[in-house]
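Following: one structure in structure tokens, then a few remarks.
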Amino acid sequence: MRLSLNTVTTKCWTLAQCIEGCARHGIPGIAPWRDVLHAMGTEAAARHIRDAGLTVTGLCRGGMFTSPGAIEDNRRAIAEAHAIGARCLVMVCGGLPPGSKDLAGARAAVRDGLHAIMPEARAAGVTIALEPLHPMTCADRSVLSTLGQALDLCDELGEGSGVALDVYHVWWDPDLPRQVARAGRRIAAFHVCDWKVRTTDTVFDRGLPGEGVIDIPAIRRMTVEAGYAGGFAEVEILSHRWWAEAPDLVLDEIKKRHATAI
Ligand code: ZN
């Protein structure tokens, strides 16, 4: 698989610097977060990315359906994903609303929100990629926790929906092989990083591929065998430790690990 740079990996860079960095390091894919996209301006970003010949493996992120104003925000995200030619719009679906214990209600809000935005997504030709997040984040970030749960939603949503498979979030799942096979060509994105045994933070202490306990090559093979046709492994490292390093050094380190750990 070719590499794609999720821009959160090089958090101190602007989107223009990320695009230049990809070109300098021979990384053919990019997946911007919306904050850096907004800072550059969507039109200018689309032009620069096109000129650099990069494939946009995803736009991060839509979702957060349990927060006020989510539908409008997702409509804007769909338009942005379309404008930059993103292969998918990644959905972080949202956790419990503040003060709530109503998990079933939060899951229903996610489901209703997705149904509400699908017509726009289909009209724009933007694939909605549901990213199940590790259950540790269920309270604040995503009540969608497993690949099986995501695929049940995709079954309902139909055409234009798919999943973003992030090894960090799904590696522990005993049902993973069966669910990856079930996902098949609905795998819209493949995100990589690693789970450190002594993780200090379940969100911001991700390892580079090979630093932790996830058998990333095994999951990659599973994904390809299932029919993932994307050809890209998107490196998404949320890490205070790696954010403290020079981004060029981080990209060198990722390239070194590409052949052995992805
Ligand atoms: Zn991810």
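One table, with the values for the structure above:
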| read-out | value |
| --- | --- |
| Residues SER145, SER4, SER67, SER239 arranged by fewest to most Cβ contacts within 10 Å | SER67, SER145, SER239, SER4 |
| FRET efficiency estimate (nearest 0.05) - Cβ-Cβ, GLU225 to LYS255, R0 25 angstrom | 0.50 |
| Cα gyration tensor category, rounded, prolate or oblate, for the chain with a/c compared to 1.5 | rounded |
| Label point distance in nm, ASP112-ALA83, each placed 7 Å from Cα along Cα→Cβ | 3.0 nm |
| Charged-residue dipole, Cβ positions (Lys, Arg, Asp, Glu), the chain about Cα centre, Debye nearest 20 | 360 debye |
| Ranking of HIS25, HIS134 by count of other Cβ atoms within 10 Å, fewest first | HIS25, HIS134 |
| Cross-link partners of LYS11 among lysines (Cα-Cα below 28 Å; sequence separation of 8 or more within a chain) | LYS196, LYS255, LYS256 |
| Sites TRP172 and ALA104 - FRET efficiency at Förster radius 22 Å, r taken between beta-carbons, to 0.05 | 0.40 |
| Net charge of neighbours whose Cβ lies under 11 Å from the Cβ of ARG186, counting Lys and Arg as +1 and Asp and Glu as -1 | 0 |
| Gap separating the Cα centres of segment 4-42 and segment 119-191, nearest whole Å | 24 Å |
| Fewest-first ranking of LEU15, LEU249, using other Cβ atoms within 10 Å as the exposure measure | LEU249, LEU15 |
| CD proxy at 222 nm, helix term only [per DSSP H run n ≥ 4: -39500 (n - 2.57); per residue of the chain; nearest 500] | -13500 deg cm²/dmol |
| Environment charge at PRO98 (Cβ cut-off 15 Å; Lys +1, Arg +1, Asp -1, Glu -1) | 0 |
| Computed FRET value (nearest 0.05) for ASP140 with ASP51, which takes r as the C-beta separation and R₀ as 30 Å | 0.20 |
| Kyte-Doolittle mean at least 0.0, axial Cα span of 30 Å or more - DSSP H helices of the chain | 103-124 |
| Within the chain, longest stretch free of exposed GluC sites (Glu not before Pro) [DSSP loop, at most 16 other beta carbons within 10 Å] | 1-158 |
| Spin-label model distance (nm) - ASP155 vs GLU20, 7 Å beyond Cα toward Cβ | 5.0 nm |
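Every read-out reported here was derived from the displayed coordinates using simple, explicitly stated rules and does not represent laboratory data. This one's a predicted model, so the numbers in the text were calculated from it and none came from an experiment. Ideal geometry is used to build each Cβ from the backbone, glycine not excepted, and the neighbour counts take in all protein chains shown.
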